[in-house]
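Below is one structure; the comments refer to it alone.
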Ligand code: SAM
Ligand code: SF4
């Protein structure tokens with residue numbers, strides 16, 4: 001999932017940091033939640049090296065961009081941003097500029113040729129080598145590490161929760177992807193799938209809870225294929241943990257800790273996961289289930305390995321087991337060879353599924369992907385765009401209906417902070433992941449509290465209500 005409002009967000013130092021740092025780093029993150037989570041791991045590694053975070057890149061000794069390659073536009077945004085740093089670097093030649101993440105992995109040393117002001121290029125599996133690369137770059141030598149790994153999960157690194165609301169946190173449970181959807185660059189930039197030690201995940205979540213956090217989002221490209229096999233040691237029997245079992249373990253930490261996860265693949269989400277969700281009140285009733293297309297032929301070309309009917313059956317199953325479950329999706333318009341009828345199939349899958357929300361894109365060919373090698377990107381841009389507009393229009397109607405349907409209902413809401421518009425209102429989300437805004441009144445509530453809210457009105461992305469005592 002790509003959170004539009006967070007693109008390019010810079011992390012600030014957390015308030016009251018007791019550490020003293022002799023240098024400053026600045027980091028901006030683009031793309032999916034995994035990148036935002038990785039930036040917290042990078043921050044932790046840099047803190048150990050004596051670098052403290054700053055929100056002002058002009059003050060920084062080290063400027064980092066954690067980049068995304070998923071669409072061409074994402075890469076263009078990063079290039080534009082780099083150009084904005086040029087002036088500052090001219091005035092402060094000692095400042096180092098590093099590029100992290102998927103674009104670093106995709107372009108490797110070519111980045112250094114194409115963007116002369118870049119000093120360091122580091123792929124997603126090589127963040128532990130950052131201190132050494134920084135030392136090299138300080139000595140005037142450009143440095144690159146884009147080695148992918150089969151086992152790196154950063155399990156032992158406790159991420160620094162920079163700029164956090166203190167209530168919600170991301171916890172990475174696996175890395176990479178083995179799925180090879182033909183349109184997607186992720187398997188090439190993030191490498192093979194590997195699952196992180198279950199015990200380290202549970203202890204990170206427990207630690208977050210003990211520090212006052214009340215919601216964790218378990219992250220992976222395909223969380224339903226999480227499968228951890230621990231090695232047999234003297235103190236520990238060998239064991240395997242699947243995603244449903246991991247969810248259950250995290251749910252047991254405390255009924256007051258909410259659990260979300262992203263992303264689910266329709267081919268892998270099991271009844272076992274759905275029943276585990278239904279069983280625990282603190283596992284949020286919300287699933288992000290990317291459909292990509294509603295046409296079986298296109299799904300085959302995409303190598304999604306499910307059919308239209310399979311997808312619709314999954315939606316049916318989710319609603320049978322959890323009638324109140326929130327559902328969102330990703331859709332791509334104009335994939336190779338998509339006809340007008342195929343596009344209508346996508347609209348009809350949306351009509352049947354009635355998503356509460358969707359991330360919608362037009363197909364962007366990425367160099368090196370299977371689609372780029374096998375198929376021609378043959379749908380004209382204006383057709384892709386028109387189809388995308390139709391998809392967006394339909395979804396906007398569905399979102400409006402979904403939010404309007406909630407008027408008159410009461411939800412349990414976890415308070416995350418002040419509403420963006422007014423510090424007289426709280427902002428939080430219900431279990432279905434819908435944003436809820438309501439007046440604070442004098443109820444003596446604080447961030448991290450749960451409260452019941454009766455919904456009075458709704459827009460297509462926000463529920464507005466009042467506290468019920
Ligand atoms: N692993 C997740 C999954 O399988 O759904 C998410 C992967 S990706 C970071 C997020 C979304 O970007 C995808 O679900 C897809 O809709 C979109 N996407 C990926 N590659 C794309 C491309 N080449 N052009 C347009 N959209 C793309
Ligand atoms: Fe890309 Fe498919 Fe893997 Fe998602 S599941 S990251 S879309 S290859």
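Quick note: the coordinates plus some simple rules give every number you see, no bench work behind them. Worth saying up front: this structure is predicted, and the values here are computed from it rather than measured. Note that we place each Cβ from the backbone using ideal geometry, even for glycine, and neighbour counts take in every protein chain shown.
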*Restricting attention to the stretch 184-194, does a residue exist that is within 16 Å of ligand 1 (Cβ to nearest atom), under 17 Å from residue 41 (Cα atoms) and touching a helix residue (DSSP H, G or I) at 6+ places or on another chain (Cβ under 9 Å)?*
yes
_Could you check the stretch 225-250 and list, in sequence order, the residues that are part of a helix (DSSP H, G or I) and closer than 21 Å to residue 194 by Cβ?_
225, 243, 244, 245, 246, 247, 249, 250
*Would you mind telling me which numbered condition in (1) crowded, with 22+ Cβ neighbours inside 10 Å; (2) farther than 19 Å from residue 404 by Cα; (3) within 16 Å of ligand 2 (Cβ to nearest atom) residue 365 fails?*
(1)
_Criterion (in contact with a strand residue (DSSP E or B) (Cβ under 8 Å, 6 or more places away or on another chain) and within 30 Å of residue 411 (Cα to Cα)) met by exactly one of 311, 286_ = 286
*Which of the residues belonging to the stretch 251-275 are touching a strand residue (DSSP E or B) at 6+ places or on another chain (Cβ under 7 Å) and either assigned to a helix (DSSP H, G or I) or more than 16 Å from ligand 1 (Cβ to nearest atom) (or both)?*
251, 257, 258, 259
*Working only within the stretch 347-390, note down all residues that are part of a helix (DSSP H, G or I), in contact with a strand residue (DSSP E or B) (Cβ under 7 Å, 6 or more places away or on another chain) and within 12 Å of ligand 1 (Cβ to nearest atom).*
384, 388
*asked:* Could you check the stretch 318-346 and list, in sequence order, the residues that are farther than 24 Å from residue 406 by Cα and in contact with a strand residue (DSSP E or B) (Cβ under 6 Å, 6 or more places away or on another chain)?
replied: 331, 332, 333, 334
_I'm checking my understanding of the structure. Among residues of the stretch 148-183 that are over 21 Å from residue 216 (Cα atoms) and in contact with a helix residue (DSSP H, G or I) (Cβ under 6 Å, 6 or more places away or on another chain), which one is nearest to ligand 1 (Cβ to nearest atom)?_
183
_Single residue of the stretch 276-309 satisfying the filter (more than 24 Å from the chain's Cα centre (by Cα) and more than 15 Å from ligand 2 (Cβ to nearest atom)) that is surrounded by the most Cβ atoms within 10 Å (Cβ to Cβ)_ = 295
_Name the residue that is nearest to ligand 2 (Cβ to nearest atom), counting only residues in the stretch 202-229 that are touching a helix residue (DSSP H, G or I) at 6+ places or on another chain (Cβ under 7 Å) and farther than 25 Å from residue 70 by Cβ._
228
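Give the residues of the stretch 304-327 that are out of contact with any helix residue (DSSP H, G or I) (no Cβ under 7 Å at 6 or more places or on another chain) and part of a loop (DSSP other than H, G, I, E, B), sorted by residue number.
Correct list: 304, 305, 323, 324.
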*Pair list, Cβ < 8 Å and 6+ apart or interchain, from the stretch 248-267 residues that are touching a residue at least 60 places away in the same chain (Cβ under 8 Å) to residues that are more than 16 Å from ligand 2 (Cβ to nearest atom) and assigned to a loop (DSSP other than H, G, I, E, B)*: 256/214; 256/282; 258/214; 258/282; 258/284; 258/431; 260/284; 260/433
